[in-house]
């Protein structure tokens with residue numbers, strides 16, 4: 001099976017970075033906490049702790065293996081997208097109490113609105 005993530009962090013790198021079958025092969029012990037959101041769950045934001053630096057191994061569009069080292073925002077974006085491939089949302093990194101509080105506020109704010117995404121389960125997608 002092919003797993004594909006495309007990461008575009010803006011002007012600092014030549015966007016977009018396509019990662020086929022990406023694997024994080026190295027993580028720094030140092031972690032950084034920053035606010036994250038997601039287009040899959042609009043209007044919800046929470047503080048997520050992630051590795052400050054990672055090394056990812058992946059295939060390019062020609063099937064050639066390559067490695068990329070990322071720090072800061074780029075590392076955060078890559079980890080976020082690889083989580084999606086694993087069925088994990090940024091909400092799954094939050095405590096159950098924080099996740100339920102955010103989802104409750106979000107559901108109240110969307111009450112009566114029509115849209116493709118009306119409800120999100122507060123249960124985590126898997127063990128982290």
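Read-outs: derived from the displayed coordinates by stated rules, not from any lab. Computed from a predicted model, the values in this text were never measured in an experiment. No Cβ is skipped: glycine too gets one built from the backbone with ideal geometry, and neighbour counts run over all protein chains shown.
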Expressed in nm to one decimal, what extension gain is obtained for the pair residue 97 and residue 49 from 0.36 nm per residue of sequence separation less their Cα-Cα distance? 15.7 nm
Mind giving me the nanometre distance, one decimal, between the label points for residue 67 and residue 38, set 7 Å out from Cα along Cα→Cβ? 2.9
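Given the Cα-Cα distance of residue 18 and residue 85 and 0.36 nm per residue of separation, how much length would full extension add, in nm?
22.8 nm
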Take the alpha carbon atoms of segment 1-104, find their radius of gyration, then divide it by 2.2 N^0.38 Å using N residues; give the quotient. 1.10
Extending each Cα 7 Å along its Cβ direction at residue 108 and residue 3, get the distance between those two points in nm, one decimal. 3.7
Quick one: helix 96-110 against the long Cα principal axis of the chain, what's the angle to the nearest 10°, folded into 0 to 90? 70
